[in-house]
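As structure tokens, the structure follows; a few thoughts come after it.
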């Protein structure tokens, strides 16, 4: 896909299970590959199971510092955010990618940083949506979640990311089938669709693709076909 | 758009329960199954159902007892420490011959343990758990699709035999996301002449109770219940057999452990080791006959578990200790890797 222009702060929010963490990691890697000093932060204090920290090694190898809750990936289910997070929004020498927890409950954590982000006013707040998720199957349902999240975060969304997928076996036809809903959502919310993501192997041969290629984290309990 | 949706295991349980006609959910949040409650909280009010966050797990299971007594499909869900709290109520439900669904998305124990996945509530689920002579029908899903399918199956079996059912999953199964096709369920109106729904002055009142003042009556009731258990053992055993036709070794594993083991079985086959997998889908009734038959075919078993070794006892019993049974296990929230399972299969092959 074409080159991206990056705001100083990129925030990923949306319905839980919509793929925010995966996209945030892919986006940060792309940003770094484009030569921009990047840091990524895990603000998800709602779900202790899937987190940015799962990609810690890959991020470290790419030279992207990861700020995550002290007890991430441990048995301590303690919803506390590290103080270094303030440095991401207050210091402007790095670009920041913020991976926020799902739904309004997850977005509350963003609220305390919202005043700094609004004051600097150089941010993207992406709403990640997957129309194959059972509670956001239509534009109307996705819009309702979007409004709840925006209210909780204290920030308005600036763009939509269509991350519609059915897991590793998604086809391009599946993705294309969601085009209509994401356009309707865009009209309803009066913000643009910034990108549509596709699992990289589906478009690896296509250098002219309109899609944003993403890599999925392989889990060793994936069923062998 | 495809008729599949991408769901978390926990969400699949909740939506499947609704499809199965369950309109009453009572629970108390605990990681890693909280999405079940969160999903029910969103969906139940939209379909005229009841979602109630109880003040405790004990309260929740007694609410289940009440709705089950009225003859409606009802469920609760929790994770290991919470399911321990529910045991008194589960025993009462079993003693009153009521159908209900209890979901346990297991985490590491004992005690408060941890929030990571585990299978160490196998004994609790399959051997009773609470006090008295009773069993639960215990189903163990190994995919998000099965989380949905077996939830529906659990309601059906529970109604059919008037025996409470348990869906025994683990944190990984609850949290993983996979595409699911949710079946349209034809919820047949099941006659429940025993239900407490008001007599309308047309019949003698029903009593739902687990207290018997005369020991001979209690004994008779237990005998009758065990006759139903015998029928369940005869008719309802479910398992998956994978590459067992020519197998010289047999891995036994359920749930997440079975998925990992499948990868190990394939890797072992690539090394020329003839190994297969038996995956119990019903943990009670346990696929005893299948294991017994396998014991006459194979040179040994490997039981793969996320516990200190619990199902291994049933494998040994079912195989009458005819062949060695090795244990491949991790515990406390750790998950065995396919490589660890493969190493154990190789160890078995080298020594038998």
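All of the numbers you see were taken from the coordinates with simple rules; none came from a lab. Everything numeric in this text was worked out from a predicted model, so none of it was measured. Here Cβ is always computed from backbone atoms with ideal geometry, including for glycine, and neighbour counts include all displayed protein chains.
Tabulated data
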{"read-out": "Bridge type composition, the protein assembly as shown - antiparallel percent by DSSP, nearest 5", "value": "15 percent"}
{"read-out": "Cα gyration tensor category, rounded, prolate or oblate, for segment B:239-351 with a/c compared to 1.5", "value": "rounded"}
{"read-out": "Helix B:288-297 vs. chain B, principal-axis angle (Cα, 0 to 90°, nearest 10)", "value": "10 degrees"}
{"read-out": "Neighbouring partner chain Cβ atoms per residue of B:3-16, average, 10 Å criterion", "value": "4"}
{"read-out": "Least to most buried among B:78, A:150 (fewest other Cβ within 10 Å first)", "value": "A:150, B:78"}
{"read-out": "Tensor-based shape of segment A:23-127 (alpha-carbon gyration tensor, a/c under 1.5 rounded, otherwise prolate or oblate)", "value": "oblate"}
{"read-out": "0 to 90° range, to nearest 10: angle between helix B:215-235 axis and chain B longest Cα axis", "value": "50 degrees"}
{"read-out": "Of A:35, A:101, A:111, the one that fluctuates the most in a GNM where chain A has Cα springs shorter than 10 Å", "value": "A:35"}
{"read-out": "Shielding score for B:257-267, defined as the mean number of other chain Cβ atoms within 10 Å", "value": "2"}
{"read-out": "Value at 222 nm in deg cm²/dmol, rounded to 500, when DSSP H runs of n ≥ 4 in chain A each add -39,500 (n - 2.57)", "value": "-8500 deg cm²/dmol"}
{"read-out": "Per-residue average of Cβ from other chains inside 10 Å of B:174-181", "value": "5"}
{"read-out": "Cα gyration tensor, segment B:15-144 - rounded (a/c under 1.5), prolate or oblate", "value": "oblate"}
{"read-out": "Column: log10 I(q)/I(0), Debye, Cα scatterers of chain A, q = 0.12, 0.17 Å⁻¹", "value": "-0.61, -1.31"}
{"read-out": "Cβ-based exposure ranking for B:190, B:30, in which fewest neighbours within 10 Å come first", "value": "B:190, B:30"}
{"read-out": "GNM top mover of B:97, B:156, B:314 - chain B, alpha-carbon springs below 10 Å", "value": "B:314"}
{"read-out": "Sorted by Cβ density within 10 Å, fewest first, the residues B:213, B:136", "value": "B:213, B:136"}
